[in-house]
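Trainee: Before I ask anything, let me first share the structure, which is written out below as structure tokens.
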Amino acid sequence: MESLVQLTETALPPALFHRLSRRVGALKGERLRNTYQTTFWYAFGTPENVVEEVIHTLRPSVAKGRRIAGVEWWLSRMRATDVRVDFHQDRDERLALSTGKLVHPKRSSVLFLNRVRGGALAVTRELPSAANPSLAPDRLEDLTLVAPRPNRLVVFDGTLTHGVLDADNQVPDGKLLGPSRERRTLVMNWWDHRPTDVPTWSETRYYRALGS
């Protein structure tokens, strides 16, 4: 079966990766419940925090000559025993909510910061289905699965459906019992235009621990 993703191991120089991991850890519980709603825009200017340094470093390999205006980024922090995100397609979120229009990034990407039990990223061409737990597609035969491993980068087309499996690598259907580590990733969507009303990091007071 054809893989739907481009996978890169040791995507960042070790020193930069470790600095990113430390800075994300220093955020502790800041906006943890709003982790998916705390998004930022970076248009490839002078980096002002460690995430922007990471994007600057990854740009040549991810953009690859495409007309990319910038990157919308956020942190995904949750436990695989309590997955907080359904299967979905990345989109201009505020535009979709206000008008119903679907506009997708050119490329989607996830940089894994640590290893956890289960918690695989699942990517598919199939559409999400409201009839299933976690909006999982009706057909799961063509899933491309990527396990969380430190400094592993996965890149895929911005129109593809994706989601996170639980600690048993099953479609999430409620909380699981038992301890689990926090699953940490940096999510980066590569756009040919700035998505609606997404602020830059410097325009907010959030995540100051990421500062360079």
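The values are calculated or read from the model by the stated rules, or taken from the named source; none is laboratory data. Keep in mind that this is a model prediction, so the values were computed, not measured. Neighbour counts are summed over all protein chains in view; Cβ atoms, including those assigned to glycine, are modelled from backbone coordinates with ideal geometry. The area values use the complete protein model at the heavy-atom level, side chains included, leaving out ligands, DNA and RNA. Shrake-Rupley method; radii C 1.70, N 1.55, O 1.52, S 1.80 Å.
Trainee: In Å², and per residue, what accessible area does segment 5-210 have when probed at 1.4 Å with the other protein chains present?
Mentor: On the way: 9930 Å² over 206 residues.
So segment 5-210 comes to 48 Å² accessible per residue, rounded to a whole number.
Trainee: Among DSSP beta bridges whose residues both lie in the chain, state the antiparallel percentage, nearest 5. Each step should come with its number before you reach the end.
Mentor: Values: 38 of 39 bridges.
Within the chain, antiparallel bridges account for around 95 percent of the total.
Trainee: Can you tell which of 65, 179, 161 lies farthest toward the positive end of the dipole of the chain, using +1 and -1 charges on the Cβ of basic and acidic side chains (Lys, Arg; Asp, Glu)?
Mentor: Result: 179.
Trainee: How large is the dipole of the chain about the Cα centre if only Lys and Arg carry +1 and Asp and Glu carry -1, each at its Cβ, rounded to the nearest 20 debye? The partial results should precede the final answer.
Mentor: Values: 31 positive and 24 negative charges, 158 e Å.
Its charge dipole is roughly 760 debye.
Trainee: Sort segment 5-210 into rounded, prolate or oblate with this rule: let a ≥ b ≥ c be the square roots of the eigenvalues of the Cα gyration tensor; rounded if a/c is under 1.5, and if a/c is not under 1.5, prolate when a/b is larger than b/c, oblate otherwise. Walk me through the numbers before you get to the answer.
Mentor: On the way: a/c = 1.44, a/b = 1.17, b/c = 1.23.
The shape class here is rounded.
Trainee: Separate question: Leaving out same-chain residues fewer than 8 places away, which aspartates and glutamates sit with a Cα under 16 Å from that of residue 106?
Mentor: Candidates past the 8-residue exclusion: 72, 90, 92, 93, 157, 192.
Trainee: Sticking with the crude label model, points 7 Å out along Cα→Cβ, report the distance from residue 173 to residue 204 in nm, one decimal please.
Mentor: It works out to 3.4 nm between the two label points.
Trainee: Right, something else. Taking all protein chains in place and a 1.4 Å probe, what share, in percent, of the accessible surface of the chain do carbon and sulfur account for? The partial results should precede the final answer.
Mentor: Details: 5130 of 10410 Å².
Summing carbon and sulfur atoms, their accessible area is 49 percent of the total for the chain.
Trainee: How large is ³J(HN,Hα), in whole Hz, for each residue of segment 142-157 in order, when computed from phi with the Karplus curve 6.51 cos²θ - 1.76 cosθ + 1.60 and θ = phi - 60°, using x for Gly and Pro?
Mentor: 9, 5, 9, 9, 10, 6, x, 9, x, 6, 9, 10, 10, 10, 8, 4
Trainee: Express the relative contact order of the chain as a whole percentage, based on alpha carbon pairs under 8 Å and six or more residues apart in sequence. Each step should come with its number before you reach the end.
Mentor: On the way: 443 pairs, mean separation 72.3, N = 212.
34 percent.
Trainee: I've got another one for you. Which one of 20, 196, 36 has its Cα pushed farthest toward the positive end of the charge dipole of segment 5-210, where Lys and Arg give +1 and Asp and Glu give -1 at the Cβ?
Mentor: It is 20.
Trainee: How much length would be gained if the chain were fully extended between residue 82 and residue 3, taking 0.36 nm per residue of separation minus their Cα-Cα distance, in nm to one decimal?
Mentor: Details: separation 79, 0.36 × 79 = 28.44 nm, distance 2.71 nm.
Here the answer is 25.7 nm.
Trainee: So what is the calculated 222 nm ellipticity per residue for the chain, using -39500 (n - 2.57) for each DSSP H run with n of 4 or more, over all residues, to the nearest 500 deg cm²/dmol?
Mentor: Details: 3 runs with 34 residues, N = 212.
So the helix-based figure for the chain works out to -5000 deg cm²/dmol.
Trainee: Here's something else I'd like to know. What does the charge dipole of segment 115-163 about its Cα centre add up to, to the nearest 20 debye, if the Cβ of each Lys and Arg holds +1 and the Cβ of each Asp and Glu holds -1? Spell out each step's value before the answer.
Mentor: On the way: 6 positive and 5 negative charges, 81 e Å.
Approximately 400 debye in magnitude.
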